[in-house]
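The values are calculated or read from the model by the stated rules, or taken from the named source; none is laboratory data. Keep in mind it's a predicted model, so treat the numbers as computed, not measured. All Cβ positions, even for glycine, are placed from backbone atoms using ideal geometry, and neighbour counts span all protein chains on display. Accessible surface is based on the protein model in full, side chains and every heavy atom, while ligands, DNA and RNA are left aside. Shrake-Rupley method; radii C 1.70, N 1.55, O 1.52, S 1.80 Å.
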Amino acid sequence: MTKIVKQDEFRLDRRSFIAGGTALVVAASLPFGGRMAQAAGEASFEPNAFIRIGTDGRIALVMRDAEMGQGIWTGASMLLAEELDVGLDQVTPEASPPNDKLYANPLIGFQATGGSTSIRGDWESLRKAAAIARLALVQAAAKQWNVNAADCKVDRGTVTHAASGRSAPYASLVAAAAAAPLPTDAPLKDRADWKLIGTPQKRVDTRHKVDGGVTYGIDVKLPGMKIGAVARCPVLGGKLVSVDEAPAMKIPGVRAVLKIDDAVAVVGDHFWAAKQGVDALDIKWDLGPNAKLTQADIVRGHEEASHGDGIVAREEGDPVAAIAGAATKLEAVYQLPFLAHAPMEPVNCTVHVRPDGVEVWVGTQVPTRCQSAAAEATGQPVDKVKVYNHLIGGGFGRRLEWEYAGIAASFAKQVDYPLKLIWTREEDIQHDRFRPYYYDRLSAGLDSQGRLVGWTHKVTGSSVLARWAPPGMRKNGIDPDAVECAEETPYDMDTLRVSWVRHEPPGVVTAWWRGVGPAHNIFVVESFIDELANAAKKDPVEFRRGLLAKNPRARAVLDLAAEKSGWGSPLPKGIGRGVMVQNAFGSFLSVVCEADVSNGSDIKLRKLVAAMDCGQAINPDSVRAQLEGGLVFGLTAALYGEITLDQGQVEQANFDTYQMLRMNEVPPIEVHIVNSTETPGGLGETGTAASFPALANAVFAATGKRLRKLPLKLDEGSSG
């Protein structure tokens, strides 16, 4: 099994490696492309370094992608091992340092892990890099033996020339290969020759996660380090007025009370002392302009904004006229709440500020942004800030934010020792950056045969992209994430309009959340499609089939999910099946959900059946695991997820008020994977996006009650 090196081991090994000067570093050029990069106007190649082969035989995969439980270190290692012709157990993944040029995700344009883009970004680039490395090593061996490289074979990192009987491991060829010019290109292996890709493989990190052999950010320990607990102003935009430090300083183990504009940190020898110190503080806040903000204000603001014209993202034909002339007309409003990320590992960051530089230990999806945040907070140049990235105990988009690194650095610069800041669960949830609130208006028309003749969809919500990556905004002001999977659905729609009204609510900062745009829009689209099927008096599967004539992959997963779920077979009263189909993140997915609402008030999950066409499945075990995890994550939000504000403060604080789906609530989940040779699609967020409409449609099938508002609550009048 591949070994995950501990962070300290990594640094030691890397220094030794560089000092020894006996490494072969393969640089490859990665094609820029993809939606966000194109939107940013970037269309160039950047050199990247992923592979390091030592004379000791160790093969390091320097990973630009953060590992946060999604299994990318395993999937990427498989890609590299396949083309390098080594075993998966011979590859050691290591976190890359921050560098937007060397480690840019080609689908995002800079160093970031998110949007289910990792394997899609690695698919070509990692294999090409490995193929070049393999060819360079084979050519080095062939030159030493004075034979033709084409006559050499490789197995588990050993080059063999059968005719002469010679063989050499990669380790013995490192110096010769490093001294020779690199091949500019190398052919990829034929699919028939694959040994790893497409086979189920155990996660490379499981063993060391179980035995404690890996270090998450929250586990970092440094000589002389102290630990801080944080209290931030409970209202966004508020400021610190004063704090009485004396009660905290009386607690054994408390060493200091630190202050910044909108937060206080108590530093202790250990976290418990620091936490007790925070609890003892008497803090006076100026709550600022959002002090009286309520959830009703937030909803009212979105509702009022939704009456605006909006920016048109896509328009085909004249949908207004088509709907006006339709035999059946439908209108609906859907609402989705703010959501927190609530990862198991709460936000934390360790920073050591010295006069000549800054070191940051953190688990992050955006290393270079944490680097810049620490530089800005400490006033030191970016190139003087080192970031050591760690495994992440649950990201879901939270670690695509970086403000906590800046906050930690702002406190750490006030002391001369390494300082680890840990947010409590309550601080983490209440000061999260939340998934946007959405308020959607839809209308559609059916002809006398129940066929769709017109469709309009107006999305109202804030823009994460405008804050997070402004160059990704379209020239007409559209945030492509806000309308993703709304402007392009799997269905044949010749007459439609999709528009977006940007509305930035006060009192919150909105951010990416697992499933990003599709998690919002697929719920709305698939629920409204279900409404149309009901209005047309057609079976929901048959109604969808009629709209998928031009999308065979979508129709195939729909048919497979229907078949495997026993769609159409009778169910007891109070139990319903809901279906949905999507094309998101480059993958096709259909899910059938069975829900039990026979007691009239509670929604209980009975079964989920998923059919997935994610293109070439790199590791089928990982496909199932990610889909199962994504579905459970989404079902949690569908049933319980909601962040609300009162008097400007978030009302939820911990898992008692921001509930997770418990193990006894998780239903059996079947995953059926389509055998596909298409380019791999994304996985990590597909299940999350699918879960909302599948469950909502199942509730409708069971009760006849259409729930257009999340979380799904039968007893709060959320139906239309």
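So who's got an amide H within less than 5 Å of the one on Met63, skipping anything under 5 residues away but keeping other chains? H placed 1.01 Å off N, in plane.
Long-range HN contacts for Met63: Glu94, Ala95, Ser96.
Ignoring ligands, DNA and RNA, what percent of the accessible area of segment 367-516 is carbon or sulfur (1.4 Å)? If you can, show how the numbers build up before the last one.
Working: 2150 of 4560 Å².
Result for segment 367-516: 47 percent of the exposed heavy-atom area is carbon or sulfur.
For a quick check: with amide H placed at 1.01 Å from N, whose amide H comes under 5 Å from Gly393's, ignoring anything fewer than 5 positions away on the same chain?
Gly217, Glu345
Could you tell me the distance between the Cα centroids of segment 315-331 and segment 346-415, to the nearest Å?
Rounded to whole Å, the Cα centres lie 52 Å apart.
Normalised by the empirical 2.2 N^0.38 Å for globular proteins, what value does the Cα Rg of the chain take?
This ratio for the chain stands at 1.01.
Kindly state, as a whole number, the per residue volume in cubic angstrom of the convex hull around the alpha carbon atoms of segment 251-359.
On the way: hull volume 28.4 nm³, N = 109.
With only Cα atoms used, segment 251-359 gives 260 Å³ per residue.
Can you pull out the GluC sites (Glu not before Pro) in segment 630-720 that DSSP calls coil and that have at most 12 other Cβ atoms within 10 Å? Don't skip to the end; give the middle numbers.
Working: sites: Glu642, Glu651, Glu665, Glu670, Glu678, Glu685, Glu716; in loops: Glu642, Glu651, Glu678, Glu685, Glu716.
Passing sites in segment 630-720 are Glu716.
Can you give me the orientation-averaged projected area of the convex hull built on the Cα atoms of segment 232-299, in nm²?
Values: hull surface 20.1 nm².
Over all viewing directions, segment 232-299 projects a mean Cα-hull area of 5.0 nm².
Size of the dipole of the chain about the Cα centre, Lys and Arg at +1 and Asp and Glu at -1 on the beta carbon, nothing else charged, in debye to 20? Don't skip to the end; give the middle numbers.
On the way: 78 positive and 85 negative charges, 213 e Å.
Computed charge dipole of the chain: roughly 1020 debye.
Any number yet on Rg/Rh for segment 274-419, C-alpha, Kirkwood? If you can, show how the numbers build up before the last one.
Working: Rg = 23.4 Å, Rh = 19.9 Å.
Looking at segment 274-419, the ratio lands at 1.18.
Ordered by residue, what ³J(HN,Hα) values in Hz, to whole numbers, does segment 543-551 give under the Karplus form 6.51 cos²θ - 1.76 cosθ + 1.60, where θ = phi - 60° and Gly and Pro are x?
With coefficients 6.51, -1.76 and 1.60, one gets 4, 5, 3, x, 9, 10, 4, 9, 9 Hz.
Within straight cross-link reach of Lys275, meaning Cα distance under 15 Å, which aspartates and glutamates are found once same-chain residues fewer than 8 apart are removed?
Hits, sequence-local ones excluded: Glu245, Glu426, Glu427, Asp428.
Taking θ = phi - 60°, what integer Hz values does the Karplus form 6.51 cos²θ - 1.76 cosθ + 1.60 yield along segment 461-473, in sequence order, with x for Gly and Pro?
Using θ = phi - 60°, the values come out as x, 7, 10, 6, 4, 4, 8, 7, 8, x, x, x, 5 Hz.
By average Cβ neighbour count within 10 Å, what is the ranking of 138-146, 247-255 from highest down?
Details: 138-146: 18.8, 247-255: 16.6.
Per-residue Cβ counts within 10 Å, averaged per peptide and sorted highest first, yield 138-146, 247-255.
Using alpha carbon centroids, what distance separates segment 138-165 and segment 218-284, in Å?
Their Cα centres are 62 Å away from one another.
Taking only DSSP H segments of four or more residues, each worth -39500 (n - 2.57), what value at 222 nm results for the chain once the sum is divided by all its residues, to the nearest 500 deg cm²/dmol? Write down the numbers at each step before the final one.
Working: 19 runs with 218 residues, N = 720.
Helix-only estimate at 222 nm: -9500 deg cm²/dmol.
What do you get for Rg/Rh over segment 392-509 if you use C-alpha atoms and the Kirkwood form of Rh?
On the way: Rg = 20.6 Å, Rh = 17.8 Å.
For segment 392-509, the value is 1.16.
Taking only Cα atoms of segment 610-699, what ratio of Rg to Rh do you get with Rh as the Kirkwood inverse-distance radius? It would help to have the intermediate numbers written out before the result.
Values: Rg = 15.9 Å, Rh = 14.7 Å.
Rg divided by Rh gives 1.09.
Tell me the trypsin sites (Lys or Arg not before Pro) within segment 628-720 that lie in a loop according to DSSP and have at most 15 other beta-carbon atoms within 10 Å. Write down the numbers at each step before the final one.
Working: sites: Arg662, Lys705, Arg706, Arg708, Lys709, Lys713; in loops: Arg662, Lys705, Arg706, Arg708, Lys713.
Counting only loop positions with at most 15 other Cβ atoms within 10 Å, the trypsin sites (Lys or Arg not before Pro) in segment 628-720 are Arg662, Lys705.
Can you run phi through the Karplus equation (6.51, -1.76, 1.60; θ = phi - 60°) for segment 391-403 and list ³J(HN,Hα) in whole Hz, with x for Gly and Pro?
4, 10, x, x, x, 6, x, 4, 8, 7, 9, 9, 4
Accessible area per residue for the chain in Å², computed with a 1.4 Å probe and the full protein assembly in place, what is it? Let's see the in-between values first.
Details: 27580 Å² over 720 residues.
On a per-residue basis, the chain sits at 38 Å².
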